[in-house]
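A short write-up of the structure that comes next.
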Amino acid sequence: MEIKDIILQFLTENEEGMRNLLTWFLNTVMEYEARIQAGADYYERTKNRRAHRNGYRKRSLNTRLGKLELKKPQFREFPFETRVFDKYSRVEKALKNAIVESYLQGVSTRRIKEIISTLGAEELSPGTVSNIARELDEKVYEFLNREIEEEIPYLFVDASYFKVRDGVRYVNKALYVVAGVRKDGHREILGAKIADVEDELFWEDFFQELKNRGLRGVELVISDGHKGIISAVKKAFIGASWQMCHVHFVRDVLKKVPRKRWKEIAERLNESLESAKKLQAFIEELEEEGFKKAAETCERFIFGLFNYQKYPRDHWKRIKTTNMLERINKELKRRTRVVGAFPNDAALLRLAVAILLDINEEWLLGRRYLNMGS
């Protein structure tokens, strides 16, 4: 298929066209890698040639768009190496390992058995699973303990919740992801941790770990209204401000009013979030209407709702919520859905970090998230 046909198909048949476009792109990437490694193009006569081509080997690659059939170049003199499969295999390997580990530990269902069959994972023995886990654990450790090289003015904290086996029962556990906007305007995922107890001490330890790895320059921390986070920010980042995520704030207030009033209250509340003066007037209205608990919630967080306004106006939209982490949370949920319940914390962390690695690479290689004036 010609590239123009692939592009036309992409424009008219989005999903199938996207698969064909990605297949063409990844094959082109491997052709480029082959040219670099061989030191020459096909049939090119040059003294710089290090290897001769020896056809292709078909390789399938599972992606979020489905299975792709790729053509992997081969050399006569030495094995061809590519980053294409490494990038995608992290997530696929972690996902497969989590599913099989669940199966081996007796937390699987008939649906999990079907998934294992679909993945072609029946051949994975307990020993193989253990070896894969060790390999993934090394990548997890490396990512979560790497040095933080750039200053991070804006720090974001948000959580996703997952079922994890605890003895004979299942419990919901929070996986917290910490990310930041660097001084150069690029985003970076800085850490991830499963919280058994989300108290102030947990957050003090977490923030200290990040500081030990080089976290510095924090001016604003954006999160939900968890008391432990608020208290820990004051101690860990002297001189920094805490910003209550506006999305979490609206949700917290709406929990205190009748469901039939949600739409109306939400509209009025969002309008009041333009300034502390407007919010104070709205609090008085809530009290007059008999929504005392909703008014108390507003009062409790008012000190942390407008700290973002200290910073450049073109930053406001992106630093008054934790929406920067929304895509991460959605992807974590989507990719972990087939697992159902994780057999242990380590299995959850392996899969989560595999996903975070891919997103972090995209962030660092992509456009700047904010113009930091540098």
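The values are calculated or read from the model by the stated rules, or taken from the named source; none is laboratory data. All of these numbers come straight from a predicted model, not from anything done at the bench. Note that each Cβ is placed from the backbone with ideal geometry, even for glycine, and that neighbours are counted across all protein chains shown.
Residue pairs whose Cβ atoms lie under 6 Å apart, separated by 6 or more positions or on different chains, with the first residue in the stretch 239-259 and under 13 Å from His226 (Cβ atoms) and the second part of a loop (DSSP other than H, G, I, E, B), are Met244/Gly225; Met244/Leu305; Cys245/Asp224; Cys245/Thr321; Cys245/Thr322; His248/Asp224.
Applying the condition of being among the small types (Gly, Ala, Ser) and outside any helix (DSSP H, G or I) to the stretch 325-360 and asking which residue is modelled with the highest pLDDT yields Ala341.
Out of everything in the stretch 203-247 that is touching a Gly at 6+ places or on another chain (Cβ under 6 Å) and part of a helix (DSSP H, G or I), what residue ends up being nearest to Phe291 (Cα to Cα)? Restricting to residues being touching a Gly at 6+ places or on another chain (Cβ under 6 Å) and part of a helix (DSSP H, G or I), the top hit is Trp203. With respect to the conditions (1) in a helix (DSSP H, G or I); (2) surrounded by 17 or more Cβ atoms within 10 Å (Cβ to Cβ); (3) modelled with pLDDT of 60 or more, Phe80 falls short on a single one, namely (1).
The conditions of being basic (Lys, Arg), part of a helix (DSSP H, G or I) and over 30 Å from Lys234 (Cα atoms) are not met by Arg318. Looking at the stretch 160-182, which of the residues that are farther than 20 Å from Glu209 by Cα and among the basic types (Lys, Arg) is surrounded by the fewest Cβ atoms within 10 Å (Cβ to Cβ)? Once the filter is applied, the top-ranked residue is Arg169.
Residues considered: Ala294, Ala346. Of these, the only one that is at negative phi, of a type in the set (A, V, I, L, M) and assigned by TED's automatic domain parsing to the domain that holds Leu220 is Ala294.
Please verify whether the stretch 361-374 includes one or more residues that are assigned to a loop (DSSP other than H, G, I, E, B), modelled with pLDDT under 95 and crowded, with 21+ Cβ neighbours inside 10 Å. Taking every residue of the stretch 361-374 in turn, none turns out to be assigned to a loop (DSSP other than H, G, I, E, B), modelled with pLDDT under 95 and crowded, with 21+ Cβ neighbours inside 10 Å.
Within the stretch 137-182, the set of residues being over 15 Å from the mean Cα position of the chain (by Cα), closer than 20 Å to Tyr308 by Cβ and of a type outside the set (A, V, I, L, M, F, W, C) comprises Glu151, Pro153, Tyr154, Arg182.
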